[in-house]
Amino acid sequence: MKSKLFLSIISLLLVASIIGCAQAAPASTKSAKLVVGFAQIGQESGWRDAETASIQFYAGQNLDTIDLKFADAQQQQQNQIKALKSFIEMGVDVIGLAPVVETGWDAVFAEAKEAKIPIILVDRMAKVDESLYATFIGSDFILEGNNAAIEMSRLIGGSGNVVELEGTVGASAANDRKTGFHDELAKNHTGITILASQTGDFTRAKGKEVMESFLKTYEGQINGVYAHNDDMALGAIEAIKEAGLKPGVDIKIVSVDGVRGIFEAMAAGEANVTVECNPLLGPQFFDAAAKLKAGQTVDKWIKSDEGVYRSETAAADLPNRKY
Ligand code: GZL
């Protein structure tokens, strides 16, 4: 009799312990995912597409630990602000934003701060108090402009006329690439005149359109084109060819980004220099987001290391390019 009682007590204890573990299981296996809201500018350039791919690929490779909410704003600031408000509503852990323009962010950034959601600025700056964002992951656009001016001066022998295709009006990348280029010329290359500067909105189509008008207005006077991104330079190359001139020879081409298309143009002798600007920011972005979620601080500016690439090595460089 005793043995039966003993066995039934043991089996009851065994069942209770299994139920106990099962109840404990959900808590111990619940994975606290990193929930990130990213408000992307749009799809205006090959560079932008490469950045989006880098972010989405990284999240896709880490589905067990990352939940990415991705919004494409079609280059409209109000769409980015709407996306940020919805991320705040959702209570995401971290917000990522590539601000299409520098200004107009104070109110929604203050809402995110109120909600204790850190903001990571990616590839473009916002003109707000430093306390309203956690970090900026991106390039030194002024240095990019400086390097473009040095390369342009080398290409046209320190004197001549250039035209400038500017990026999106109000974008930090456009403002600072302009400042860097103009300052370097004014300081060290006074023989070079900028005949005209006009926005091509970082797109190939607009870059071509503006270059067509420059070629008409300044026929025979243009020695070089400085484009704030490669996509506008590729548009300008089309316009120069349609005008019966040789891009890269009759008119030197200097731009920024380092996308595959410009390496192909340089290898074909139709462009001369690209100043690299790294779009593959996914890993750095999610690394910073995870640190912020864990309550760690990150550097206020996580800078990309970049190079300057010239036509002489473009064919050899092409196979190694990652975007
Ligand atoms: C630079 C980025 C710029 C690229 C363009 O960080 O903001 O925006 O240079 C893109 O190609 O449109």
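One table, with the values for the structure above:
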read-out	value
Flag for G145 being within 19 Å of the chain's Cα centre (by Cα), within 16 Å of the ligand (Cβ to nearest atom) and under 17 Å from A186 (Cβ atoms)	yes
Scan of segment 63-86 for residues that are of a type in the set (S, T, N, Q) and crowded, with 16+ Cβ neighbours inside 10 Å, ordered by number	Q75, Q77, N79, Q80
Residue match in segment 314-321 (condition: in contact (Cβ under 8 Å) with a residue 40 or more places away in the chain, surrounded by 21 or more Cβ atoms within 10 Å (Cβ to Cβ) and in a loop (DSSP other than H, G, I, E, B))	no
Only listed residue being under 18 Å from the mean Cα position of the chain (by Cα) and hydroxyl-bearing (S, T, Y), chosen from S172, S213, S197	S172
Residue satisfying condition, being within 16 Å of the ligand (Cβ to nearest atom) and surrounded by fewer than 16 Cβ atoms within 10 Å (Cβ to Cβ), within set T217, T190, T203, T179	T179
Selection count, segment 245-264, where residues are open to solvent by 10 Å² or more (accessible area, probe 1.4 Å) and under 28 Å from I55 (Cβ atoms)	4
Checklist (1) open to solvent by 10 Å² or more (accessible area, probe 1.4 Å); (2) within 30 Å of I192 (Cβ to Cβ) applied to G138, failing item	(1)
Out of V254, V249, sole residue that is within 16 Å of the ligand (Cβ to nearest atom) and among the β-branched types (V, I, T)	V254
Contacts under 7 angstrom Cβ, first residue in segment 229-253 being in the same structural domain as E166 (by TED's automatic domain parsing) and free of Cβ contacts under 8 Å to residues at least 12 places away in the same chain, partner open to solvent by less than 10 Å² (accessible area, probe 1.4 Å) and part of a helix (DSSP H, G or I), 6 or more apart	none
The one condition in (1) assigned by TED's automatic domain parsing to the domain that holds R154; (2) touching a residue at least 40 places away in the same chain (Cβ under 8 Å) that V298 fails to fulfil	(1)
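The values are calculated or read from the model by the stated rules, or taken from the named source; none is laboratory data. This one's a predicted model, so the numbers in the text were calculated from it and none came from an experiment. Ideal geometry is used to build each Cβ from the backbone, glycine not excepted, and the neighbour counts take in all protein chains shown. When the accessible area is computed, the model is the full protein with side chains, heavy atoms only, and any ligands, DNA or RNA have been set aside. Shrake-Rupley method; radii C 1.70, N 1.55, O 1.52, S 1.80 Å.
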